[in-house]
Amino acid sequence: MTLLLTGGLATMMLAGCDRQSPPPGQGNVTASGEVPPGASGAASGAARGEGGFSYRVDRSKAGEAAPSFTFAAPGGDDATLQDFAGKALLVNLWATWCAPCVAEMPTLDAVAADHGQGDLAVVAISQDTQGEKLVPAFFRKHDLPHLKGWMDPDNQFGFHYATGQLPATILYDRQGKEVARVIGAMDWKGEEARKLIAEALRS
């Protein structure tokens with residue numbers, strides 16, 4: 001069954017939000033949580049979930065180097081993923097209007113707390129086109145003390161990864177090579193997430 005949302009609501013799916021459809025706007029909502037027809041970068045494997053989340057793990061790009069795009073650091077300075085050289089990376093693409101993104105963020109914050117300034121950097125990069133207005137207010141509203149408000153208002157990362165939906169999370173090893181990507185919302189404190197993080201740290 002397909003529903004049409006209007007009136008300023010975001011396009012949302014059970015597994016994630018259509019990356020191209022922030023509010024105000026309209027779009028398809030599928031009961032199965034599948035990527036709508038025509039969306040690129042569909043992940044491999046069947047959808048599965050833990051703790052009420054739904055996601056797919058895609059290893060088809062494993063071994064590819066992290067992109068070198070410049071994005072905005074919380075203080076407004078320029079940043080790149082290469083600034084985190086020597087650490088494993090958990091790069092999460094999200095948006096303030098994406099309900100599954102918001103739901104998984106406390107689990108990402110918990111991972112960031114666990115690793116602190118250590119061997120894994122959790123880099124949550126907002127894909128909001130008006131990030132400068134929206135992201136600081138979002139972090140003031142939500143209790144996420146260990147995450148920072150990185151921003152990519154031009155959606156460079158979203159178009160590069162071409163997953164077709166948010167949230168999307170890409171894990172990189174210490175050499176900056178992709179290990180796996182997770183399409184949809186995952187409980188990052190769950191068993192499968194812990195295994196993926198351990199794999200990135202081992203590499």
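As for the range 136-157, it holds at least one residue that is under 13 Å from the mean Cα position of the chain (by Cα) and within 20 Å of A62 (Cβ to Cβ). Does G176 satisfy being at positive phi, more than 15 Å from the chain's Cα centre (by Cα) and not aromatic (F, W, Y)? In short, yes.
Only one of the listed residues (A62, A88) is within 21 Å of E199 (Cβ to Cβ), at pLDDT 95 or above and open to solvent by 50 Å² or more (accessible area, probe 1.4 Å). That residue is A62. Of the residues making up the range 167-196, those that are farther than 12 Å from A62 by Cβ, touching a Ser or Thr at 6+ places or on another chain (Cβ under 7 Å) and of a type in the set (V, I, T) are V182, I183. H142 falls short on exactly one of the conditions (1) touching a residue at least 40 places away in the same chain (Cβ under 8 Å); (2) on the phi < 0 side of the Ramachandran plot; (3) surrounded by 15 or more Cβ atoms within 10 Å (Cβ to Cβ), and that condition is (3). The condition of being in contact with a Pro (Cβ under 8 Å, 6 or more places away or on another chain) and surrounded by 19 or more Cβ atoms within 10 Å (Cβ to Cβ) does not hold for G158.
Selection of the range 91-114 for residues being closer than 17 Å to I170 by Cβ and either surrounded by fewer than 18 Cβ atoms within 10 Å (Cβ to Cβ) or touching a residue at least 60 places away in the same chain (Cβ under 8 Å) (or both) yields V91, N92, L93, W94, A95, C98, P100, C101, E104, T107, L108, V111. Here is the figure for the range 112-169: residues that are of a type in the set (G, A, S) and in a strand (DSSP E or B) total 4.
The values are calculated or read from the model by the stated rules, or taken from the named source; none is laboratory data. Predicted model only: the values in this text are computed from it and were never measured. Positions of Cβ are generated from backbone atoms using ideal geometry, with glycine treated the same way; all protein chains shown enter the neighbour counts. Please note that ligands, DNA and RNA were not included when accessible areas were found on the heavy atoms of the full protein model with its side chains. Shrake-Rupley method; radii C 1.70, N 1.55, O 1.52, S 1.80 Å.
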